[in-house]
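The values are calculated or read from the model by the stated rules, or taken from the named source; none is laboratory data. Quick caveat, the model's predicted, so the values are computed rather than measured. Cβ coordinates were reconstructed from backbone atoms using ideal geometry, including for glycine residues, and neighbour counts include every protein chain displayed.
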Amino acid sequence: MELNKNIRKSVAIIPLRKGSKGIPGKNKMKILGRRLYQWCLGEAIFSKLDEVYIFTDDEEIIDQVEKEYHWTDKVKVIKRSAENANDIASTEAAMFEFAEKIQWDFEIICLLQATSPLTCRNDINNVLADINDNDFDSVLTVVKTKRFIWSEDSKSINYDYKSRPRRQDFEGLRIENGAVYASTKEQFLKSKNRLGGNISMIEMPEDTLTEIDEISDVLIIEKLLLNRLNSFKKSISKIKLLVLDVDGVFTPGTVGVTGSGELEKFFSLRDGMGLENLRLSGVNVIVMTSEDSPIVASRMAKLKLELYMGVKDKYSRLDNVLKQYSLTRNEVAYVGDDVNDLVNISSVLWGFCPNDAVNEVKPYCDFILNNNGGDQAIREACQFIINYNKRIIE
């Protein structure tokens with residue numbers, strides 16, 4: 001197949017400031033157990049962008065990104081200057097500094113905003129396609145709204161109030177949602193602005209008009225994200241992959257310390273037999289944990305399970321695993337017990353938690369197991385999946 005010769009090198013900048021005043025530490029705050037900037041970054045990784053840069057003055061974020069996203073060569077980090085990270089610095093100034101630091105090694109620059117966590121990879125791809133395939137100098141994302149707009153001096157702006165149109169007949173307005181912008185290098189060099197020249201718009205769903213500017217926005221975004229995650233449960237299909245957390249699932253939610261200071265973990269042997277039965281039925285099993293533990297590594301090696309340790313962004317890491325397995329979330333079951341498992345529990349076909357999982361997780365599970373973590377919860381989940389798969393005809 002002949003490659004599209006119009007495709008040009010595209011890079012994205014996700015600018016993050018440490019000193020957020022409205023919501024202190026905003027970019028690192030957790031939404032459904034996942035840091036705010038990770039929602040946008042994760043989608044960018046799986047988009048058609050060539051490179052994605054976190055541009056920040058926050059050393060903690062720099063450390064997090066360098067440790068977490070080693071599994072992809074697409075993500076890079078560049079330190080942002082203090083001058084372009086203060087309250088009065090413009091985003092364009094940060095973009096220009098970034099472009100100079102990578103020596104203008106791109107043909108399309110894409111600005112992604114972490115405060116728009118509802119941005120999807122398809123939105124990014126649509127913007128890139130528009131600027132690649134058509135004669136546009138810059139592109140922005142918008143939301144179509146059919147709301148009636150009024151000015152401060154009580155004048156109707158986008159309709160005649162004396163002849164109020166029916167909603168189905170009303171064209172409405174396109175509102176900039178602040179999620180994705182793209183510009184050619186030539187346009188950005190000329191104007192030093194994210195937009196200029198021949199401008200195009202890409203529509204995104206109306207719910208993406210919500211950005212995180214105030215703390216009250218967080219609750220709204222959480223509900224919208226949950227609706228998005230639940231949409232992955234599209235149809236009934238067989239479970240082909242089981243993903244397991246460790247602490248609170250393989251083990252009780254406790255840790256022992258010996259007299260010599262060594263840590264102890266306790267695993268159920270009956271869980272091991274349940275996993276063996278599940279694999280014999282044709283279901284693959286992987287283990288994903290946020291910790292790095294020699295004890296866990298030893299136990300999973302004994303069970304011959306594929307293990308991913310030190311994973312903080314479990315959602316993106318699972319996306320990468322599914323790409324390797326050629327699976328969708330609709331073919332996955334997940335067992336977790338705490339808030340860092342929430343996004344995966346909510347987005348796979350069957351989300352499980354042990355009976356003693358934290359209360360914040362239970363409302364989002366498809367099935368709360370009768371057994372506790374470390375006490376045959378995994379064995380129960382395995383048998384559930386075996387029985388479930390027997391009833392599914394594909």
**Study point:** Residues located in segment 190-216, provided they are in a helix (DSSP H, G or I) and buried (at least 16 other Cβ atoms within 10 Å of the Cβ)
**Key:** 207, 208, 209
Practice item. Return the total of residues in segment 274-325 being of a type outside the set (D, E, K, R) and part of a helix (DSSP H, G or I). Key: 21
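Every residue, every condition in (1) within 15 Å of residue 195 (Cβ to Cβ); (2) not in a loop (DSSP other than H, G, I, E, B); (3) not hydrophobic (A, V, I, L, M, F, W, C), yes or no:
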| residue | (1), (2), (3) |
| --- | --- |
| 89 | no, no, no |
| 109 | yes, yes, no |
| 117 | no, no, yes |
| 141 | yes, yes, yes |
| 159 | no, no, yes |
| 171 | no, no, yes |
| 174 | yes, yes, yes |
Check your understanding: Does residue 67 qualify as being within 18 Å of the chain's Cα centre (by Cα), in a helix (DSSP H, G or I) and surrounded by fewer than 12 Cβ atoms within 10 Å (Cβ to Cβ)?
Key -> yes
Study note, to complete from the structure: Matching residues in segment 105-139 (under 18 Å from residue 200 (Cα atoms), touching a strand residue (DSSP E or B) at 6+ places or on another chain (Cβ under 7 Å) and of a type in the set (Gly, Ala, Ser)) number 1
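Conditions (1) surrounded by 15 or more Cβ atoms within 10 Å (Cβ to Cβ); (2) not polar (S, T, N, Q), marked per residue:
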residue	(1), (2)
284	yes, no
288	yes, yes
310	no, yes
314	yes, yes
352	yes, yes
Point to revise | Qualifying positions in segment 367-394 - free of Cβ contacts under 8 Å to residues at least 60 places away in the same chain, touching a strand residue (DSSP E or B) at 6+ places or on another chain (Cβ under 7 Å) and in a loop (DSSP other than H, G, I, E, B) | key: 369
Check your understanding: Which of the residues spanning segment 256-272 are modelled with pLDDT of 85 or more and hydroxyl-bearing (Ser, Thr, Tyr)?
Key -> 268
Review point. Out of (1) outside any helix (DSSP H, G or I); (2) in contact with a helix residue (DSSP H, G or I) (Cβ under 7 Å, 6 or more places away or on another chain); (3) without any contact (Cβ under 8 Å) to a residue 60 or more places away in the chain, what's the single condition that is false for residue 93?
Key: (1)
**Study point:** Residue match in segment 329-344 (condition: assigned to a helix (DSSP H, G or I), small (Gly, Ala, Ser) and touching a residue at least 24 places away in the same chain (Cβ under 8 Å))
**Key:** no
Review point. Which residues, counting only those in segment 185-228, are of a type in the set (Lys, Arg), within 30 Å of residue 34 (Cβ to Cβ) and out of contact with any Cys (no Cβ under 9 Å at 6 or more places or on another chain)?
Key: 194, 223
**Study point:** For residue 121: the one exception among (1) within 27 Å of residue 31 (Cβ to Cβ); (2) buried (at least 19 other Cβ atoms within 10 Å of the Cβ)
**Key:** (2)
Point to revise | Failed condition for residue 135, given (1) out of contact with any Leu (no Cβ under 7 Å at 6 or more places or on another chain); (2) part of a helix (DSSP H, G or I); (3) modelled with pLDDT under 95 | key: (2)
Study note, to complete from the structure: Here the qualifying pairs (Cβ atoms under 6 Å; residues six or more apart or on different chains; first in segment 302-317 and assigned by TED's automatic domain parsing to the domain that holds residue 279; second surrounded by fewer than 16 Cβ atoms within 10 Å (Cβ to Cβ)) come out as 309/292; 310/292
Check your understanding: When only residues in segment 175-195 that are within 26 Å of the chain's Cα centre (by Cα) and among the charged types (D, E, K, R) count, which is farthest from residue 118 (Cα to Cα)?
Key -> 194
